[in-house]
Amino acid sequence: MTHEESKKLADAVVQALEDRKARDIEVISTEKLEAVTDYFIVCSGTSSAHLRGIADLVEERMDEKGIKCAHLEGYDTANWILMDYIDVVVHIFREEDREFYNIERLWKDGK
């Protein structure tokens, strides 16, 4: 996937997150950081049900585009859901877990 295609995928994910009322959406470009993906997208939800709803809509929208999630973690416990679309990785946190793990600091040099 080209960087432009990855950007379009990231934009589509962000739209799904916004439509499901995800909070504090942050998109981090890791292209220049020698990461295994082009974008990390981090957002928060208010409850386990909200996190699952966010993940469900992202998956539905990507399925409509013919893009399958390569790896999904955390859906059952829904404190931190990770959705790996290879070039775009989505982290959906409960607000308190996002504060605790603070993964954005790992990629602070990204745009």
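Points to keep in mind about this one:
- All positions within segment 57-74 that are open to solvent by less than 70 Å² (accessible area, probe 1.4 Å) and assigned to a loop (DSSP other than H, G, I, E, B): G66, I67, C69, A70, G74
- Residues that are among the small types (G, A, S), out of contact with any Asp or Glu (no Cβ under 8 Å at 6 or more places or on another chain) and open to solvent by less than 10 Å² (accessible area, probe 1.4 Å), drawn from segment 6-15: none
- Segment 31-51, residues that are open to solvent by 70 Å² or more (accessible area, probe 1.4 Å) and farther than 15 Å from E95 by Cβ: E31, K32, E34, V36
- Cross-chain or 6+ apart pairs with Cβ under 6 Å, segment 37-52 first and farther than 10 Å from A22 by Cα, then in a helix (DSSP H, G or I) and of a type in the set (F, W, Y): F40/W107
- Unique residue being among the β-branched types (V, I, T), open to solvent by less than 60 Å² (accessible area, probe 1.4 Å), modelled with pLDDT under 95 and under 11 Å from the mean Cα position of the chain (by Cα) when the list is I54, I92, I28, I81: I28
- The single condition among (1) in contact with a helix residue (DSSP H, G or I) (Cβ under 6 Å, 6 or more places away or on another chain); (2) over 24 Å from T2 (Cβ atoms) that E96 does not meet is (1).
The values are calculated or read from the model by the stated rules, or taken from the named source; none is laboratory data. The structure presented is a predicted model; accordingly, all values stated were derived computationally and were not measured. In this analysis, Cβ positions are derived from the backbone assuming ideal geometry, glycine residues included, and neighbour counts consider all displayed protein chains. In case anyone asks, the SASA skips ligands and DNA or RNA and just uses the protein heavy atoms, side chains included. Shrake-Rupley method; radii C 1.70, N 1.55, O 1.52, S 1.80 Å.
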